[in-house]
Amino acid sequence: MTNPSLLILPGDGIGPEVMAQVTRIIDWFGAKRGLKFDVTEDLVGGAAYDVHGVPLSDATMAKAQEVDAVLLGAVGGPKYDSLDFSVKPERGLLRLRKEMDLYANLRPAQCFDALADFSSLKRDVVAGLDIMIVRELTSGIYFGEPRGIFEEGNERVGINTQRYTESEIERVARSAFELARRRGNKVCSMEKANVMESGILWREVVQKVHDEEYADVELTHMYADAGGMQLCRWPKQFDVIVTDNLFGDLLSDVAAMLTGSLGMLPSASLGAPMANGRPKALYEPVHGSAPDIAGQGKANPIACILSFAMALRYSFDQGDEATRLEKAVEQVLADGVRTADLMQAEGDTPASTAEMGDAILAALDASL
Ligand code: IPM
Ligand code: MG
């Protein structure tokens with residue numbers, strides 16, 4: 001039997017540093033748990049632009065379509081700010097999402113007990129928080145046509161289009177309901193049905209999928225602006241939130257901050273099952289390339305490491321090993337190991353990116 005395949009795309013900024021720690025963890029699972037992967041590495045974002053003049057080459061795109069899972073670090077940076085829109089680093093990531101048809105973006109926001117005091121909200125509001133945002137990722141205003149900047153009379157007009165088909169809403173709604181059944185059995189769907197026709201359709205279709213296929217799951221609807229407010233007021237009321245591409249982008253950043261640091265949050269982007277039954281999948285931290293701290297060994301690798309844990313769970317059916325890795329992270333945090341983003345007192349010496357990796361590897365060893 002051949003090993004499952006992974007394509008690693010470290011990308012830009014802190015991407016390569018945090019991914020280096022993930023590579024050590026992958027090697028650990030190979031050596032200690034007999035979970036071997038065939039790993040190839042390639043370029044995305046600005047790193048790909050520097051070499052190929054595009055943020056994702058056709059060859060890399062083709063590889064991504066063939067492997068069992070893609071792990072991505074981060075893309076973007078000030079060096080690329082003045083590039084033409086069509087070749088900006090972010091376009092590489094958006095091309096991967098679109099061409100792999102990764103329509104369901106799972107963004108868990110979990111507050112580790114050791115970090116409950118890092119949130120800008122009170123401890124009792126966030127302690128024990130465990131919610132899952134399911135963001136539609138391949139449609140909506142990110143991709144709708146017409147789009148562009150056009151001349152109209154004697155001025156320009158910028159246009160983007162929010163567009164959703166019934167089938168696009170149905171499939172992401174199913175992903176949310178399936179997840180809810182394995183968690184707290186509750187889904188809250190968020191849109192702006194009070195002002196947007198696409199929101200009216202969203203609400204109708206989610207309700208229909210619920211009534212016909214998932215009547216056992218509790219479903220509520222909320223306007224997305226109120227949803228943002230409720231996320232800050234009492235986030236523990238939620239289990240699974242399902243929402244569109246743009247609202248999901250915003251709400252997942254809000255949810256991220258509840259957990260203390262953006263440096264903690266992983267994500268999985270899943271598509272339809274491939275011939276081998278595994279979903280098309282890309283795993284990446286929610287944080288960006290953080291150019292201000294890139295190359296200094298300060299970055300927190302946990303979001304990227306937990307993204308690999310999600311890969312173990314959702315692509316490779318290794319839920320127990322995913323839990324082992326998540327527990328190792330939890331242990332290290334409980335032991336007080338902190339990268340700079342998790343420091344409270346001035347003057348404390350933070351752990352470097354590699355030291356955080358060392359600590360998690362030691363906790364994995366201790367788990368055997
Ligand atoms: C995210 C990011 C991306 C998005 C950018 C980098 C294109 O903000 O994954 O949340 O807007 O989707
Ligand atoms: Mg975002």
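The values are calculated or read from the model by the stated rules, or taken from the named source; none is laboratory data. Predicted, not measured: the structure shown is a model, and the values here were computed from it. Cβ coordinates were reconstructed from backbone atoms using ideal geometry, including for glycine residues, and neighbour counts include every protein chain displayed. The protein model used for the area step is the full one, side chains on, heavy atoms only, and it has no ligands, DNA or RNA in it. Shrake-Rupley method; radii C 1.70, N 1.55, O 1.52, S 1.80 Å.
Scanning segment 2-26 for residues that are of a type in the set (Ser, Thr, Tyr) and open to solvent by 30 Å² or more (accessible area, probe 1.4 Å) turns up THR2, THR23. Got a sec? Which of ALA74, ALA47 is open to solvent by 20 Å² or more (accessible area, probe 1.4 Å), under 25 Å from ILE293 (Cα atoms) and among the small types (Gly, Ala, Ser)? So the residue among ALA74, ALA47 that is open to solvent by 20 Å² or more (accessible area, probe 1.4 Å), under 25 Å from ILE293 (Cα atoms) and among the small types (Gly, Ala, Ser) is ALA47.
Checking segment 292-314 against the condition returns a match, with at least one residue being within 16 Å of ligand 2 (Cβ to nearest atom) and in contact with a helix residue (DSSP H, G or I) (Cβ under 7 Å, 6 or more places away or on another chain).
Yes or no, residue by residue, for (1) open to solvent by less than 40 Å² (accessible area, probe 1.4 Å); (2) more than 16 Å from GLU168 (Cβ to Cβ); (3) free of Cβ contacts under 8 Å to residues at least 24 places away in the same chain; (4) touching a His at 6+ places or on another chain (Cβ under 7 Å):
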| site | (1), (2), (3), (4) |
| --- | --- |
| ARG183 | no, yes, no, no |
| LYS186 | no, yes, no, no |
| GLU191 | yes, no, no, no |
| TRP202 | yes, no, no, no |
| VAL206 | yes, no, no, no |
| GLN230 | yes, yes, yes, no |
| ASP239 | yes, yes, no, no |
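The set of residues in segment 117-133 being within 21 Å of the chain's Cα centre (by Cα) and either open to solvent by 50 Å² or more (accessible area, probe 1.4 Å) or closer than 12 Å to LYS236 by Cβ (or both) consists of VAL126, GLY128, LEU129, ASP130, ILE131. Hey, among the residues in segment 327-368 that are in contact with a strand residue (DSSP E or B) (Cβ under 6 Å, 6 or more places away or on another chain) and of a type in the set (Val, Ile, Thr), which one's surrounded by the fewest Cβ atoms within 10 Å (Cβ to Cβ)? Step by step, filter segment 327-368, then rank; the result is VAL337.
Pull up segment 61-89, narrow it to residues that are small (Gly, Ala, Ser) and free of Cβ contacts under 8 Å to residues at least 24 places away in the same chain, then point me to the one that is farthest from ligand 1 (Cβ to nearest atom). Selected residue: ALA62. Looking only at segment 81-103, residues that are among the hydrophobic types (A, V, I, L, M, F, W, C), open to solvent by less than 70 Å² (accessible area, probe 1.4 Å) and more than 16 Å from ligand 2 (Cβ to nearest atom) come to 3 in all.
Of all residues in segment 291-306, those satisfying the criterion of being within 16 Å of VAL75 (Cα to Cα) and open to solvent by 30 Å² or more (accessible area, probe 1.4 Å) are PRO291, ASP292, ILE293, ALA294, GLY295. Just one of the listed residues (THR243, THR259) is within 30 Å of VAL337 (Cβ to Cβ) and either β-branched (Val, Ile, Thr) or more than 16 Å from ligand 2 (Cβ to nearest atom) (or both), namely THR259. Here the condition is being more than 16 Å from ligand 1 (Cβ to nearest atom) and either more than 26 Å from GLU178 (Cα to Cα) or assigned to a loop (DSSP other than H, G, I, E, B) (or both); of GLY263, GLY357, GLY288, it holds for GLY357 alone.
Conditions (1) aromatic (Phe, Trp, Tyr); (2) touching a helix residue (DSSP H, G or I) at 6+ places or on another chain (Cβ under 7 Å), marked per residue:
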{"site": "ARG97", "(1), (2)": "no, no"}
{"site": "PRO108", "(1), (2)": "no, no"}
{"site": "ALA114", "(1), (2)": "no, yes"}
{"site": "PHE118", "(1), (2)": "yes, yes"}
{"site": "LEU129", "(1), (2)": "no, yes"}
{"site": "MET132", "(1), (2)": "no, yes"}
{"site": "LEU137", "(1), (2)": "no, yes"}
{"site": "TYR142", "(1), (2)": "yes, yes"}
{"site": "PRO146", "(1), (2)": "no, no"}
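State whether the residues of segment 275-282 include one that is in the same structural domain as GLY45 (by TED's automatic domain parsing), open to solvent by less than 10 Å² (accessible area, probe 1.4 Å) and away from ligand 2 (no atom under 16 Å from the Cβ). Looking for residues that are in the same structural domain as GLY45 (by TED's automatic domain parsing), open to solvent by less than 10 Å² (accessible area, probe 1.4 Å) and away from ligand 2 (no atom under 16 Å from the Cβ), one finds at least one in segment 275-282, hence yes.
Which one is most open to solvent (accessible area, probe 1.4 Å) among residues in segment 27-44 that are touching a residue at least 40 places away in the same chain (Cβ under 8 Å) and touching a Lys or Arg at 6+ places or on another chain (Cβ under 9 Å)? Taking the candidates together, the pick is ARG33. Within the option set ASP253, ASP244, being closer than 28 Å to THR161 by Cβ, within 14 Å of ligand 1 (Cβ to nearest atom) and surrounded by fewer than 23 Cβ atoms within 10 Å (Cβ to Cβ) holds for one residue only, ASP253. Just so you know, in segment 57-66 the residues that are open to solvent by 20 Å² or more (accessible area, probe 1.4 Å) and either under 13 Å from GLY288 (Cβ atoms) or touching a Leu at 6+ places or on another chain (Cβ under 9 Å) (or both) include one that is nearest to ligand 2 (Cβ to nearest atom), and it is LYS63.
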